[in-house]
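For reference, the structure is listed below as structure tokens.
The values are calculated or read from the model by the stated rules, or taken from the named source; none is laboratory data. Because the structure is a prediction, the values reported are computed rather than measured. Positions of Cβ are backbone-derived with ideal geometry, glycine not excepted, and every protein chain shown enters the neighbour counts. In case anyone asks, the SASA skips ligands and DNA or RNA and just uses the protein heavy atoms, side chains included. Shrake-Rupley method; radii C 1.70, N 1.55, O 1.52, S 1.80 Å.
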Amino acid sequence: FNGFGAGGGAGFETAPKPRPTAPNWHTPSENGDPYAHGLASLAATVALQMTAEGELLDMMRPGRASAAGGVGDGSGGRPTYSADGMALLLQHQLCVIAYEDLLKEQMAHGGAVGSSLSAASLELLSRATRRLSAASPRLATGANTLAAIELEGMLTQLRTLSKAVAEAKSVVTTELGPILPPPLDEVRGSASLPYLDRLAYLPDVESLAGAAREPPVVLPIKLSAVPDSVETFSDVSNALQKATVVCTLLANQRGLVSNSYALRAALITHIFLRVIPLPLPPSNTGRALRCFWARKDRRISHDTQAELLRWLAMLCRHYAAASLSLPLSASFDATRMLVFASMAAVADAVLRLKAFDAPSHLSLHYSGEAEGPVTPFALEMRHFERESERCQFYLPQLAVARTQLLDYFGDLARAAQPDHLLFRFERSMELGPGEATLLSQLATNLGFPKDGASLAGYLTGENSAMLDLYPELGTFRDITFMFKAMMVPSGDALPELKAWTPQDAKLVWRFKPPTETAAGELLVAGFGKGTMHCAGWADDGEEEGELVVAAHPRKRLGFFEKLFKKAPKPRLPPSPADASSLAKQDLQTEEDVLHLRTKDLPDFGGTLRASDSELLLQYLLAPYLRVPLLLRFFSEASHTAALAHPELQDVLDAAIFEPGLWQPNAPKPMPVTVPAENRKHLATPVGLLFQELTHSPAVTLGCLQTLLDNALDMDAGRFSREGASAVILYAVRLSLRVEGYVRYLLSPAADSCRGLERAAGGSLHCDAPTRAALTAGA
């Protein structure tokens, strides 16, 4: 057996002829052979039988080849019949069989070709003919091993089949026939009755389709249109206007633009914390030259002043809607608090400006520059001081903004009389003495009634006479309420997390008249709520002027428990650096940790031993020293691996980036007893991390460098979600965040913030060794 394609030679002529094989006929199965698998198997069997019996070898003899007209391979003029050639013959035979079936179908229907064939069957036959006649290397190789007379016969039969298929396609349609009537005696023959359609009621249904829906068009949003710096009051107005337009486009296309709410929140944060300068406190010695809002060489017109407050009101709604539509985290809560505080500070500074062309009576009375025995008014922001103690500021600009805002509001509040403090919504929603005094002065100046009900109507807008003249009063009221509402301890008092719009953030005020048992109060509606319960959660302490706000959020929810008749959830969980929350017991001093049983100590998933956990809790109870103590603790090689646990990462982040107690711009009182009665002497102006970097940078940066080296030594060469990879990623992230603080201290921006004088290069109190250590560490 020489197989297909064997060359000629003596061995070929003398090959013994095998014994003939008995016929073996192929019988199709009962289900038929729709894909010709059985036929292909039969063809392969026949080819092998013919080869074994020598019939194909006889066909390849020289005499037979010359009678057939020769072949195309040029090897002695004989067909070789390779495997590709046999496949070509098999495909040709299938097409011949299909043509025979097509002729039988034509004879069965009286010569009407294709009357019973579907369009899909005819398309299958058409593709079969095209596939067989296609120009491919494999088909050409197979055809080269066949006789010329066989190729001519194949060509003729393929043309005949293609013509028959084309004729059949011309009479076959893909359209569905008419639906036959149901086989019921009642309707049979009804189509033969003329004019029956006149009895049918066929109304016009085109109007039910409605108007054609116009496809949405995504309008371009140019975030770069908002400038990165401002030089004049007009620049501020233009920047706020462009930001409002961009936020409006993002709000209206929130279903077409991805991350619309996050983009709006980030843009407004950038505007108020990076672009628009914050006002400096009156006690700042260089305020007349360095404060953007108090420089003597700048004047503002009444139109620009009104436009600034109008854009502030619109951006306040946009930011309230966007921030309440995003999940709340500790860092985002801190940013949201600072943005609203910045809005209130800018609105306060704009309202205090005296227009050179037509000063507003509201501005004159608010700043205390009106004629007569008047004094300035101010906002009380001591609750902001308490709430910001546990904010996590991962960016140095946020920590600096907190200090500037507290200095500004603190100086103004100390300069104002107690009955001139406005909008103390955190204490009560009653019409306070500050609002009553301001409205009474305006009413006297304009001849309006000054009774209590009228004054409340002026503030709420129910009597629009005052707000029509001074719309900036409503703007200032809404911004202050939004700011204080975002610091409410209970999360249930805030609007729910959903996709809010700027229209939902528009506040509607009304006054509830007093009764025999209750005083009159202001009611605020917004965000789909009839009344927002975001006020009245703070009380005065025993000391005069001291605001009582407990450090632990679960200890200041008594008002909301009475209001909602249940224990509400806090706005944020307790600080991760709170030792009492970690131990689930009340811990006040380091000695309280010694009384804890071993089973009560947190083990953080087995990453720390009981003695190490006890030491960690003691460090957390020393807030002024906890930054260097914790960094030295985790820089030890035996403790660095524990930072793979997410809870310990949160503990270290909170301990480093929470600013802690704020020190006002006043002499710090020294304790007279040890231990001290309170921790006011441990307050810092800009936060604990800035305090360490400006007084002992070598210790902090050295421990951080050791921590990073230990983490890199744990590298196993491959990534895993836990273990060494988690430690390395956290160490790198922590190092970059602290490096941001260091670079801010070395930048010129540090000159304008109180508390950074030791590291600021432009300050007279700059300490050269401190700045050198920061430069080396950066």
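In the range 615-637, the condition of being more than 23 Å from GLU658 (Cβ to Cβ), part of a helix (DSSP H, G or I) and open to solvent by 20 Å² or more (accessible area, probe 1.4 Å) is met by at least one residue. Return yes or no: is ALA676 touching a helix residue (DSSP H, G or I) at 6+ places or on another chain (Cβ under 9 Å) and free of Cβ contacts under 8 Å to residues at least 40 places away in the same chain? Considered against the rule, which asks whether it is touching a helix residue (DSSP H, G or I) at 6+ places or on another chain (Cβ under 9 Å) and free of Cβ contacts under 8 Å to residues at least 40 places away in the same chain, ALA676 comes out as yes. Contact map, the range 618-641: residues that are in contact (Cβ under 8 Å) with a residue 12 or more places away in the chain and closer than 13 Å to GLU692 by Cα paired with residues that are aliphatic (A, V, I, L, M) and open to solvent by 20 Å² or more (accessible area, probe 1.4 Å), Cβ distance under 7 Å, separation 6+ or inter-chain. Pairs shown: PRO623/LEU682; TYR624/LEU682; PRO628/VAL699. Filtering the range 393-411 to residues that are within 22 Å of TYR366 (Cβ to Cβ), of a type in the set (D, E, K, R) and crowded, with 22+ Cβ neighbours inside 10 Å leaves only ASP407. Take the residues in the range 261-298 that are under 28 Å from SER224 (Cα atoms), open to solvent by 20 Å² or more (accessible area, probe 1.4 Å) and assigned to a loop (DSSP other than H, G, I, E, B), then tell me which one is modelled with the lowest pLDDT. Out of the qualifying residues, it is ARG298.
Of the residues that make up the range 538-551, is at least one at pLDDT 90 or above, under 30 Å from SER454 (Cα atoms) and either open to solvent by less than 60 Å² (accessible area, probe 1.4 Å) or of a type in the set (Val, Ile, Thr) (or both)? So far as the range 538-551 goes, no, none of its residues is at pLDDT 90 or above, under 30 Å from SER454 (Cα atoms) and either open to solvent by less than 60 Å² (accessible area, probe 1.4 Å) or of a type in the set (Val, Ile, Thr) (or both). The condition of being among the charged types (D, E, K, R), out of contact with any strand residue (DSSP E or B) (no Cβ under 6 Å at 6 or more places or on another chain) and surrounded by 21 or more Cβ atoms within 10 Å (Cβ to Cβ) holds for only one of ARG352, ARG414, ARG390, ARG386, that being ARG390. Candidates are the residues of the range 214-239 that are closer than 30 Å to GLY255 by Cα and of a type in the set (D, E, K, R); the one that is farthest from the chain's Cα centre (by Cα) is GLU214. Looking for something within 20 Å of ASP653 (Cα to Cα) and assigned to a helix (DSSP H, G or I) - is there at least one such residue anywhere in the range 339-351? No, the range 339-351 contains no residue that is within 20 Å of ASP653 (Cα to Cα) and assigned to a helix (DSSP H, G or I). Taking ALA341 as the residue in question, decide whether it is in contact with a helix residue (DSSP H, G or I) (Cβ under 8 Å, 6 or more places away or on another chain) and either closer than 23 Å to PRO277 by Cβ or open to solvent by less than 10 Å² (accessible area, probe 1.4 Å) (or both). Here the answer is yes, as ALA341 does meet what is asked. Looking across the range 353-399, just one residue is assigned to a loop (DSSP other than H, G, I, E, B), over 27 Å from LEU682 (Cβ atoms), in contact with a Phe, Trp or Tyr (Cβ under 8 Å, 6 or more places away or on another chain) and of a type in the set (Ser, Thr, Tyr), and that is SER360. When the test is whether a residue is over 34 Å from the mean Cα position of the chain (by Cα) and either modelled with pLDDT of 85 or more or open to solvent by 80 Å² or more (accessible area, probe 1.4 Å) (or both), ASP578 does not pass it. SER725 falls short on exactly one of the conditions (1) over 30 Å from the mean Cα position of the chain (by Cα); (2) over 25 Å from ASP411 (Cα atoms); (3) free of Cβ contacts under 8 Å to residues at least 24 places away in the same chain; (4) outside any loop (DSSP other than H, G, I, E, B), and that condition is (1). Taking the range 644-716 and the helices (runs of 4 or more DSSP H) fully enclosed by it, the elements with 3 or more residues that are of a type outside the set (Ser, Thr, Tyr) and surrounded by fewer than 20 Cβ atoms within 10 Å (Cβ to Cβ) are at 646-657, 697-713.
Applying a threshold of 6 Å to beta carbon distances and a minimum spacing of six or more residues, or different chains, the list of pairs starting in the range 142-161 at a residue that is more than 12 Å from HIS92 (Cβ to Cβ) and open to solvent by 80 Å² or more (accessible area, probe 1.4 Å) and ending at one that is among the hydrophobic types (A, V, I, L, M, F, W, C) and not in a loop (DSSP other than H, G, I, E, B) reads ILE149/ALA68.
Filtering the range 476-508 to residues that are charged (D, E, K, R), open to solvent by 10 Å² or more (accessible area, probe 1.4 Å) and either more than 25 Å from PRO570 (Cβ to Cβ) or touching an Asp or Glu at 6+ places or on another chain (Cβ under 7 Å) (or both) leaves ARG477, ASP478, LYS506. Residue by residue through the range 299-329, note down the ones that are out of contact with any helix residue (DSSP H, G or I) (no Cβ under 7 Å at 6 or more places or on another chain), open to solvent by less than 40 Å² (accessible area, probe 1.4 Å) and part of a helix (DSSP H, G or I). ALA321 - this is the single residue of the range 299-329 that is out of contact with any helix residue (DSSP H, G or I) (no Cβ under 7 Å at 6 or more places or on another chain), open to solvent by less than 40 Å² (accessible area, probe 1.4 Å) and part of a helix (DSSP H, G or I).
For the range 491-521, the candidate set comprises residues that are farther than 21 Å from GLU435 by Cβ and either among the charged types (D, E, K, R) or assigned to a helix (DSSP H, G or I) (or both); within that set, the residue that is nearest to the chain's Cα centre (by Cα) is LYS498. Considered as a group, the residues in the range 434-467 that are of a type outside the set (Asp, Glu) and in a loop (DSSP other than H, G, I, E, B) include one that is surrounded by the fewest Cβ atoms within 10 Å (Cβ to Cβ), and that residue is GLY447.
Of all residues in the range 357-382, those that are aliphatic (A, V, I, L, M) and under 27 Å from THR403 (Cα atoms) total 3. Which one is surrounded by the most Cβ atoms within 10 Å (Cβ to Cβ) among residues in the range 190-207 that are polar (S, T, N, Q) and at pLDDT below 75? Filtering the range 190-207 for residues that are polar (S, T, N, Q) and at pLDDT below 75, the one surrounded by the most Cβ atoms within 10 Å (Cβ to Cβ) comes out as SER190.
Among the numbered conditions (1) closer than 30 Å to PHE292 by Cβ; (2) open to solvent by 50 Å² or more (accessible area, probe 1.4 Å); (3) assigned to a helix (DSSP H, G or I), the only one that ALA750 does not meet is (2).
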